[in-house]
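Read the structure below first, then the notes.
The values are calculated or read from the model by the stated rules, or taken from the named source; none is laboratory data. Keep in mind that this is a model prediction, so the values were computed, not measured. Note: ideal-geometry Cβ built from the backbone for every residue, glycine included; neighbour counts use all protein chains shown. Keep in mind that these areas ignore ligands, DNA and RNA; they rest on the heavy atoms of the full protein, side chains included. Shrake-Rupley method; radii C 1.70, N 1.55, O 1.52, S 1.80 Å.
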Amino acid sequence: MTLALIESFLPPRFQTLVPSRSGRNTVPYRLVVSASALDRRPQNVEGNFFVDHTCIDCDTCRWMAPDVFSRIGGMSAVTKQPASKDENIKALQALLSCPTNSIRTEKPMKEVVEVNKMFPLPIDENALPGIYHCGYHSEKSFAATSYFISHPEGNIMVDSPRYNEILARKFDMLGGVRYMFLTHKDDIGEHDKWAQRLKCERIMHVGDVDYRTANVERKLHGDGPWTIGSDFELVYAPGHTKGSVCLYYKPMKVIFTGDHLFKSGETCELDISLMYNQQSVSLQLDSVKKLLDLDFNWIFPGHGRRISFKDNHEKNAAIEAFLASKEHLHDNSNTRHI
């Protein structure tokens, strides 16, 4: 394996690779690690995996490898070292997906090469065939989750991960990407690099277009709804931002909500991000109410954990309970940035 291939997915602070004494650019190799890279948080348990002080508390590692990572002191930490092959794989997947490269190992792990080849990760091959988690979360979108959908009418990337050439080659193997759907302006990640590499058509509501996305190929106007092929409906959901739009995958009964609606990490109930709202709360709650008219059993948010319901009735009950809990905010049309 060449050094270029290894360096393409190792975190930046770990990319000082030098050849072994053999002088050849193949493994075995040695890794030069700066002292700052070993600045492990004291909340980590002893062992190979640890989280350093650059953690931004994005929660990615905690839902990707919940047996290994937990939240302590406002950041993630390793609370149990991997004890099985499966736990080790999930911890390495979280390491590669960490947007700030804050997850470390005391010793280099060659297994990371094979784990990298696993992305994008199938979410549920039986219940949700063709839907994948891209991994490689981007700090530019505060670690928003990006998804890949394999579809006979053209594959779709939902929001943008951190650019990675090995991941791009995997997309090529899966048939490429025809569309990149951007839910809103906060989660665009490295969309420009991906668009140039994949030659895909980017789709975004004009209400969220700015200098970073001025060259997006398809700009949505008005209130919609719009469609992508026969199976996907684009649902206008202003509130979090002016141009927030959800992607509704009708046959699979899945909705990709971006930052419009997600599960609270504290209560495990549906929630919206009042602190980061860029429009009125009333407007966003009205947008959430629209979801009562759609038949879906899964919510795939940009941040946090995926949400499943046993049926549409349970989904509607959860949304109605959420709306009732926020009713006191509805009439305050100026409530924003709380």
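Need one number: % antiparallel among DSSP beta bridges in the chain, to the nearest 5.
75 percent
Could you check which residue among Thr213, Thr241, Thr145 shows the biggest mean-square fluctuation in a GNM of the chain with a 10 Å Cα cutoff?
Taking springs between Cα atoms under 10 Å, the residue moving most is Thr213.
At 0.36 nm per residue, and after removing the present C-alpha to C-alpha distance, how many nm does the segment from Met173 to Glu269 gain when stretched out fully?
Value of the extension gain: 30.8 nm.
Write out the chymotrypsin sites (Phe, Trp or Tyr not before Pro) in segment 46-116 meeting two conditions: DSSP loop, and at most 12 other Cβ atoms within 10 Å of their Cβ.
Those that pass, being in a loop and sparsely packed, number zero.
Could you state the orientation-averaged shadow area of the convex hull built on the Cα atoms of segment 229-325, in nm² to one decimal?
Averaged projected area of segment 229-325's Cα convex hull equals 5.9 nm².
Springs between alpha-carbon pairs under 10 angstrom, Gaussian network model over the chain: which of Ser76, Ser325, Ser273 fluctuates most?
Ser325
Taking the alpha-carbon centroid of each part, what is the distance from segment 74-151 to segment 194-211 in angstrom?
Each part's Cα centre sits 25 Å from the other's.
To check you understand DSSP bridge types, tell me what percent of the beta bridges within segment 234-338 (both residues inside) are antiparallel, rounded to 5.
70 percent
Would you tally the net charge around Val51, using a Cβ to Cβ cut-off of less than 12 Å, leaving Val51 out, and scoring K and R as +1, D and E as -1?
Combined, the nearby Lys, Arg, Asp and Glu give +2.
Taking the Cβ of Ala168 as the center, what net charge do the other residues with Cβ under 14 Å away carry, scoring Lys and Arg +1 and Asp and Glu -1?
+3
By a straight-distance test (C-alpha under 22 Å), which lysines pair with Lys193 as possible cross-link partners, with residues fewer than eight away in the same chain excluded?
Leaving aside lysines fewer than 8 places away in the same chain, those within reach of Lys193 are Lys117, Lys140, Lys170, Lys185, Lys219.
Only helical DSSP H runs with n ≥ 4 go in: add -39500 (n - 2.57) per run for the chain, normalise by residue count and round the 222 nm mean residue ellipticity to 500 deg cm²/dmol.
About -6000 deg cm²/dmol.
Have a look at Ser280, Ser141, Ser230 and tell me which one the Gaussian network model of the chain (Cα, springs below 10 Å) gives the largest fluctuation.
Answer for the Gaussian network model of the chain: Ser230.
Rank-order 245-252, 222-229 by packing density, defined as the average count of other C-beta atoms within 10 Å over each peptide's residues, highest first.
Ranking, from highest mean packing down: 245-252, 222-229.
What accessible area per residue, rounded to a whole number of Å², is obtained for segment 145-292 using a probe radius of 1.4 Å?
38 Å²
Compute the signed sum of charges (Lys and Arg +1, Asp and Glu -1) over the other residues within less than 11 Å, Cβ to Cβ, of Asn312.
Taking every Cβ under 11 Å from that of Asn312, the sum is -1.
Just the number, please: carbon plus sulfur as a percent of the accessible area of the chain, 1.4 Å probe, no ligands or DNA/RNA counted.
Ligands and nucleic acids excluded, carbon and sulfur give 51 percent.
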